[in-house]
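**Q** Here's a structure for you.
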Amino acid sequence: MFEGRTTGTPIQLLIRNTDQRSKDYGDIAEKFRPGHADITYFQKYGNRDYRGGGRSSARETAARVAAGGVARAALAALLPDVKITGYMVQMGPHKIDRTNFDLAQIEENPFWAPDATAAEKWDGYLSQLRKSGSSVGAVVEVMASGVPAGLGAPVYAKLDTDIAAAMMSINAVKAVEIGAGMEAATLTGEENADEITMGPDGPEFSSNHAGGILGGISTGQDLVSRFAVKPTSSILTPRKTITKSGENTEIITKGRHDPCVGIRAVPVGEAMMACVILDHYLLHRGQIGENPGKIG
């Protein structure tokens, strides 16, 4: 950066972790946490940095949010109508009520929940989990509105493929959906079809089961992605595990650990969506320029 502008070389962002507590992990230096990448990282690299998990820690996602901020700044200049909003739609077995859906509520509660009633219930539920030393998973939804039609490609650079890969790369994510997602398997062809009519400004769709993407290419509707985050592996409940030397043992994990890491995943999902949209817009602009397929 120079005088408030990029110079054309890669942008460097440095985040200093000044609040680490490595001593909290001393008790697990020789043990692997069940459900954690401790064991696979050791098997692959032969190293055991027990001070929080290293690159398998959700601390890594701070870099993604920083990069997402840069992507959003670029999108604001290139595609000013794009708006990206993330929110939690489920904590453990407790889902939001879609009839109460209100985006204005997202900033009014600590769960990024678009349902005030659900947020109140989650608060009590999470307090009980925290006291018990356990954890729970969550589902986060990320919606991008104002995305133009035509982004993506038919085969190897599908927009939904790259969104799914970006969301799946976030720590603790175990499943990703686009649009209706897994629910699409329960629908009939009549129910799933997003019927099209011609409106004053172009095609209009009766619904959005496709999540704003058909054949890997954006339709101009809202992009809708959903991802499931597993429960935090670091819990106080004793669990069976093994040591580096192969001995059977038990483990509990002390220190500061979120009972529901899905809450922190919301801005991470927004950041990844911003990065993917910007990538695809720049690819589209370089390859196609302006969409030649005009309707009406």
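The values are calculated or read from the model by the stated rules, or taken from the named source; none is laboratory data. Quantities reported herein were computed from a predicted structural model and do not represent experimental measurements. Cβ coordinates were reconstructed from backbone atoms using ideal geometry, including for glycine residues, and neighbour counts include every protein chain displayed. Surface areas here come from the heavy atoms of the whole protein model, side chains and all, with no ligands, DNA or RNA. Shrake-Rupley method; radii C 1.70, N 1.55, O 1.52, S 1.80 Å.
**Q** When you scan the range 181-202, how many residues do you find that are in a helix (DSSP H, G or I), without any contact (Cβ under 8 Å) to a residue 24 or more places away in the chain and surrounded by 10 or more Cβ atoms within 10 Å (Cβ to Cβ)? If you could, list the steps in order and put the result at the bottom.
**A** We begin by selecting, within the range 181-202, every residue in a helix (DSSP H, G or I); these are 181-186, 189-192.
Imposing the further condition that a residue be without any contact (Cβ under 8 Å) to a residue 24 or more places away in the chain reduces the set to 182-183, 185-186, 189-192.
Filter once more, so that each one left must be surrounded by 10 or more Cβ atoms within 10 Å (Cβ to Cβ): 183, 191-192.
So the count comes out to 3.
**Q** Restricting attention to the range 33-54, report how many residues are within 25 Å of the chain's Cα centre (by Cα), within 22 Å of residue 254 (Cβ to Cβ) and in a helix (DSSP H, G or I).
**A** 4
**Q** List the residue pairs whose Cβ atoms are under 8 Å apart, where the first residue sits in the range 271-296 and is over 23 Å from residue 73 (Cα atoms) and open to solvent by 30 Å² or more (accessible area, probe 1.4 Å), the second is of a type in the set (A, V, I, L, M) and not in a helix (DSSP H, G or I), and the two are 6 or more positions apart or on different chains.
**A** What qualifies is 291/149; 295/198; 296/198.
**Q** Only one of 82, 136, 147 is touching a residue at least 40 places away in the same chain (Cβ under 8 Å), hydrophobic (A, V, I, L, M, F, W, C), under 27 Å from residue 37 (Cβ atoms) and crowded, with 18+ Cβ neighbours inside 10 Å. Can you tell me which? Spell out how you get there, then give the answer.
**A** Values: 82 fails: under 27 Å from residue 37 (Cβ atoms); 147 fails: under 27 Å from residue 37 (Cβ atoms).
Of 82, 136, 147, the one residue that is touching a residue at least 40 places away in the same chain (Cβ under 8 Å), hydrophobic (A, V, I, L, M, F, W, C), under 27 Å from residue 37 (Cβ atoms) and crowded, with 18+ Cβ neighbours inside 10 Å is 136.
**Q** Here is a further query. Quick one: is residue 260 among the hydrophobic types (A, V, I, L, M, F, W, C) and either in contact with a Cys (Cβ under 7 Å, 6 or more places away or on another chain) or open to solvent by 30 Å² or more (accessible area, probe 1.4 Å) (or both)? Reasoning before the result, please.
**A** Values: among the hydrophobic types (A, V, I, L, M, F, W, C): yes; either in contact with a Cys (Cβ under 7 Å, 6 or more places away or on another chain) or open to solvent by 30 Å² or more (accessible area, probe 1.4 Å) (or both): no.
For residue 260, the condition - among the hydrophobic types (A, V, I, L, M, F, W, C) and either in contact with a Cys (Cβ under 7 Å, 6 or more places away or on another chain) or open to solvent by 30 Å² or more (accessible area, probe 1.4 Å) (or both) - is not met.
**Q** Something else about it: Looking at the range 208-247 only, could you name the residues that are touching a Pro at 6+ places or on another chain (Cβ under 9 Å), of a type in the set (Ser, Thr, Tyr) and either at positive phi or part of a loop (DSSP other than H, G, I, E, B) (or both)?
**A** Residues satisfying the conditions are 219, 232, 233.
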